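> Okay, here's the structure, questions in a sec.
The values are calculated or read from the model by the stated rules, or taken from the named source; none is laboratory data. These numbers were taken from a predicted model, which means no experiment stands behind them. Cβ sites come from the backbone with ideal geometry, for glycine too, and all protein chains shown count toward neighbours.
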Amino acid sequence: MTGASARLLAAFASGLFAAGLAAAELIAVPPLQTRVTDLTATLTRDQAAVLETGLAQLEKSHGSQVAILLVPSTRPESIEAYAIRVAEHWQLGRQGVDDGLLMVVAKNDRKLRIEVGRGLEGAIPDAVAKRIVAEVIGPRFKEGDFYGGLQAGVAKVQAAIGSEALPAPAALASTPTMDLDTVFIVGIVITIVLGALMGHLLGRLGGSTVTAGVVGTLAWLASGSVPAALIGAVLVFVFVLAWAPTGAGDRRSPPRASSGGDSRSMRRVSSRGGGRTARSASSGSLSSDSEGGGSSSSSDSGFSGGGGDFGGGGASGDW
Amino acid sequence: MRFPFLALLALVTSLLSGCGYNRIQTADEQVNATWSEVLNQYKRRADLIPNLVQVVQGYAAHEKEVLTRVTEARAQVAGVKATPDLVNDPEAFARFQAAQNQLSGALSRLLLVVENYPNLKADANFRDLQAQVEGTENRIAVARNRYIKAVQEYNVTVRVFPNNLTAKLFGYQPKANFTVDDEKAMATPPAIKFDAATRSAPPAEAPKPPLDPLKQGY
């Protein structure tokens with residue numbers, strides 16, 4: 001009964017999630033929604049909630065993301081192959097710190113694996129993972145005490161992570177990354193269109209300043225690198241200044257001398273305006289970024305991986 | 001009006017990034033990175049072997065043949081220069097693979113023999129080493145899978161039009177990948193649990209169906 005419902009659930013998950021990716025005969029990776037994913041209906045709701053709270057606490061205090069997955073079986077794959085597939089999909093742990101950890105229990109196969117993120121391989125080397133599997137969790141599973149085994153295992157993992165010097169939690173805000181090609185081309189197009197438009201409206205200096213500000217801000221948001229954005233902005237400024245069409249801004253006052261004065265004053269205004277928009281845009285994005293990072297990692301509803309990397313470290317065992 | 005000039009500049013820019021040069025660079029670097037990881041993990045395994053041999057010797061000194069074979073295979077692996085350039089030299093790549101496979105075979109033999117020595121299996125030091133060897137075998141499998149994927153991506157990148165023209169111009173060749181035979185061997189890592197009936201069979205011919213790494217859908 002429970003096996004059938006779990007399989008149904010897994011099938012549903014596969015339809016939702018990785019239908020195109022995984023070959024049909026492989027067990028699908030369930031979507032990551034909570035830290036404890038039980039597809040075998042082994043844990044009661046309260047037990048899962050207790051584990052969940054403990055793991056959430058760990059992330060709050062140390063930043064490390066630990067998740068537990070119970071599946072009926074991983075066949076035809078070995079538990080190692082399945083676990084790394086799940087780990088690569090879920091991306092537990094912070095990006096760059098790679099402090100994720102995944103416990104996979106294949107209940108009907110009687111197999112268990114602790115998959116350790118790259119950043120935790122020092123805190124939990126293979127030998128320690130093996131000991132946790134074989135000496136802490138395994139014996140309890142043998143007695144049918146799945147909850148007790150997981151709880152004891154999590155406690156050991158928590159202790160090991162707690163003794164490791166990791167970066168403070170929430171230190172890293174996720175930065176959106178884009179294909180460099182795309183950034184480049186989009187930047188060029190924006191520069192040309194905006195440069196022409198702003199050149200018409202504000203004159204050369206004003207137009208180039210505003211364009212540079214806008215493109216620079218966008219480049220910063222897209223690449224997450226301030227120096228690159230600054231260089232881009234300077235390039236755009238020079239480019240538009242040199243090549244933008246002269247338009248309304250200059251046409252407004254026909255005599256050449258006063259036109260120069262006009263555009264200079266225009267520049268001052270527009271540069272201030274440009275600066276303000278850039279700054280407000282940047283601060284807005286910063287706050288939204290940190291908000292996003294905080295809510296995704298700390299709130300209990302809607303748990304998601306932080307982009308951590310796994311290299312296949314850890315240990316497996318059976319009971 | 002300088003729009004024609006601007007349009008031309010935009011065209012040239014998009015052509016430059018459209019010829020695939022950047023893509024080839026990215027794919028090439030990805031191959032190098034994943035290959036380095038493969039080398040890294042192979043090295044990690046080689047580094048574990050002296051300790052392992054030493055511990056096993058303490059309990060099972062008369063399993064000389066198995067131990068010697070592991071030591072020899074390790075020496076052979078060390079003899080093949082493992083450089084990042086290996087991926088561009090199919091012949092050296094094949095030699096490297098052969099040496100590593102031989103070590104894999106010798107190592108699994110050793111771990112099978114160990115099953116006969118309960119005292120050795122109970123040794124804490126040995127258990128830790130065994131966990132490390134297992135973990136490293138798994139890391140090797142993961143690194144190889146990622147390398148296979150990276151090479152696939154790279155090879156497709158340099159073969160499709162118009163990237164193939166760019167690749168030819170700059171001398172980017174398709175790279176060597178692990179053959180299916182290798183993957184068969186990899187899908188049966190030194191298994192620690194074997195019952196007496198299968199002990200005599202060479203580990204490379206274990207009946208477990210090989211997992212096609214390309215179908216695992218990572």
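> So, in segment B:1-22, exactly how many residues are at pLDDT 80 or above and facing another protein chain (nearest Cβ under 8 Å)?
Taking segment B:1-22 as the starting set, the residues that turn out to be at pLDDT 80 or above are B:21-22.
Right, trim to facing another protein chain (nearest Cβ under 8 Å) and you get B:22.
Summing the residues that are at pLDDT 80 or above and facing another protein chain (nearest Cβ under 8 Å) in segment B:1-22 gives 1.
> Sticking with this structure for a sec: Condition test on A:ALA123, is it closer than 21 Å to A:ARG35 by Cα and in contact with a strand residue (DSSP E or B) (Cβ under 8 Å, 6 or more places away or on another chain)?
no
> Considering only residues that are in contact with a Leu (Cβ under 8 Å, 6 or more places away or on another chain) and more than 14 Å from chain B (Cβ to nearest Cβ), which ones fall in segment A:126-149?
Hits for segment A:126-149 are A:ILE137, A:PHE141, A:PHE146, A:TYR147.
> Another question, if that's okay. Filter segment A:82-100 for residues that are more than 14 Å from chain B (Cβ to nearest Cβ) and crowded, with 24+ Cβ neighbours inside 10 Å and give the result.
Step one: of segment A:82-100, the residues more than 14 Å from chain B (Cβ to nearest Cβ) are A:92-97, A:99-100.
Within segment A:82-100, A:LEU92, A:GLY93, A:ARG94, A:ASP99, A:GLY100 qualify.
> Within segment A:156-167, how many residues turn out to be within 19 Å of A:ALA67 (Cβ to Cβ) and either within 12 Å of chain B (Cβ to nearest Cβ) or assigned to a loop (DSSP other than H, G, I, E, B) (or both)? Give the steps one after another, and end with the answer.
The initial filter retains those residues of segment A:156-167 that are within 19 Å of A:ALA67 (Cβ to Cβ), namely A:156-162, A:164, A:166.
Adding the requirement that they be either within 12 Å of chain B (Cβ to nearest Cβ) or assigned to a loop (DSSP other than H, G, I, E, B) (or both) leaves A:164, A:166.
Summing the residues that are within 19 Å of A:ALA67 (Cβ to Cβ) and either within 12 Å of chain B (Cβ to nearest Cβ) or assigned to a loop (DSSP other than H, G, I, E, B) (or both) in segment A:156-167 gives 2.
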